[in-house]
1. For the range 84-144, what is the convex hull volume of the alpha-carbon atoms per residue, in Å³?
2. When the helix-only estimate is applied to the chain (DSSP H runs of n ≥ 4, each -39,500 (n - 2.57), divided by the residue count), what is the mean residue ellipticity at 222 nm, nearest 500 deg cm²/dmol?
3. Give me the Kirkwood hydrodynamic radius of the range 131-291 in Å, from all C-alpha pairs, to one decimal place?
4. How big is the dipole moment of the chain about its Cα centre under a simple scheme where the beta carbon of each Lys and Arg is +1, that of each Asp and Glu is -1, and everything else is neutral? Debye, nearest 20, please.
5. Strictly greater than 18 Å: what percent of every Cα pair in the range 202-305 meets that?
6. If packing is taken as the average count of other Cβ atoms within 10 Å, what order do 95-102, 154-161 fall into, highest mean first?
7. Could you tell me what a quarter of the Cα convex hull surface of the chain works out to, in nm² with one decimal place?
8. Which lysines does K170 reach when only Cα atoms under 24 Å apart count, and residues fewer than 8 places away in its own chain are ignored?
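Throughout, read-outs are computed from the coordinates displayed, never taken from laboratory work. Because the structure is a prediction, the values reported are computed rather than measured. Here Cβ is always computed from backbone atoms with ideal geometry, including for glycine, and neighbour counts include all displayed protein chains.
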Amino acid sequence: TLSRSKSIWMDGEFVPWDDARIHFLTPSLHYGWAVYEGMRAHRTADGTAVFRIDDHIARLRNSARVYMMEVPYSDEEIAEAIVSLVKENGSQPCYIRPNIYLGYGSMGVSLDLSAARVAIATWPWSDYVDRQALARGCRVMTSGWRRNHQDAIPPQAKATGAYINSCMAKIGAQRAGYDDALLLTDTGHVAECSAANFFLVKDGVLHTPPVSEGILPGITRSTVMTLAAEGGLEVVERRIARAEAYTADEIFLTGTAIGVVPVASVDDRPTTSEGCGPVTKTVVEAYEDATSGRLPGHADWCTPV
Ligand code: PMP
């Protein structure tokens with residue numbers, strides 16, 4: 001169950017958690033037309049800090065552009081709202097969920113895109129991944145559901161309705177006894193997992209699908225790519241065939257909610273490392289250093305609250 005926080009930010013005001021209600025005829029509920037973000041505030045030596053807030057807000061802005069939503073706040077105002085809400089809720093490490101949706105007013109599919117509303121929630125979310133799965137590595141299953149086609153629902157934009165695809169894949173994988181689903185593109189190449197980007201390690205080199213394959217441009221993905229390059233690891237963005245996941249030395253997933261998570265097997269084919277291998281371990285540690293503000297070169301990634 002969800003841990004509650006004190007307040008939710010709604011259109012410029014702090015609303016008590018239990019009162020954060022939205023009308024039943026909100027078009028976003030009926031048609032899935034809303035865009036959102038998921039970011040985190042982490043513990044650092046200088047107190048709690050939001051990780052890569054500007055990059056998350058830039059992606060939120062891009063998602064809104066794809067869906068032609070007129071956002072009634074500037075990026076700076078959204079950043080201020082996020083920081084003030086984390087403070088309001090006790091300045092603790094937390095997950096942060098901004099959502100831009102269409103307010104009550106019209107009901108046809110010719111949506112009124114000028115009616116965008118903004119709400120932001122924060123809550124502690126330390127148990128997102130099963131600790132056991134983390135320790136032994138995730139068991140991943142290729143989903144029978146393909147990732148949303150770029151020409152139908154662009155995976156580059158983080159739209160609420162698009163997540164029916166992720167939910168179908170994730171629920172199916174869990175019911176089949178796996179931890180997560182790997183979704184393929186329409187051409188059968190590796191796209192991403194239900195809420196995380198995909199990396200494989202082969203002969204000491206990192207491989208990950210390019211954004212042009214139809215994936216979410218993950219902020220954790222980008223962080224890992226930067227840190228890997230700085231650490232002297234080669235990273236190649238390229239199309240990845242399904243069977244390459246069966247012959248990888250190591251595989252790991254990246255996402256704000258889960259962090260960097262080792263994969264033990266894909267479709268019951270164990271990676272060579274069968275869990276957290278040496279390269280994955282380096283990446284996990286570098287990511288933890290980055291989010292907790294221990295990398296002087298990336299101090300600008302951490303915004304104190
Ligand atoms: N892919 C999908 C489909 C996701 O939902 C997420 C989580 N936002 C990611 C990848 C990882 O992105 P990020 O690292 O920005 O959280």
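1. Roughly 152 Å³ of hull volume per residue.
2. -8000 deg cm²/dmol
3. It works out to 15.4 Å.
4. Working: 28 positive and 37 negative charges, 131 e Å.
Its charge dipole is roughly 640 debye.
5. The answer is 49 percent, as a whole percent.
6. Values: 95-102: 21.5, 154-161: 19.1.
So the peptides 95-102, 154-161, ranked by packing, come out 95-102, 154-161.
7. In nm², the orientation-averaged hull projection of the chain is 15.2.
8. Qualifying lysines at Cα under 24 Å: K158.
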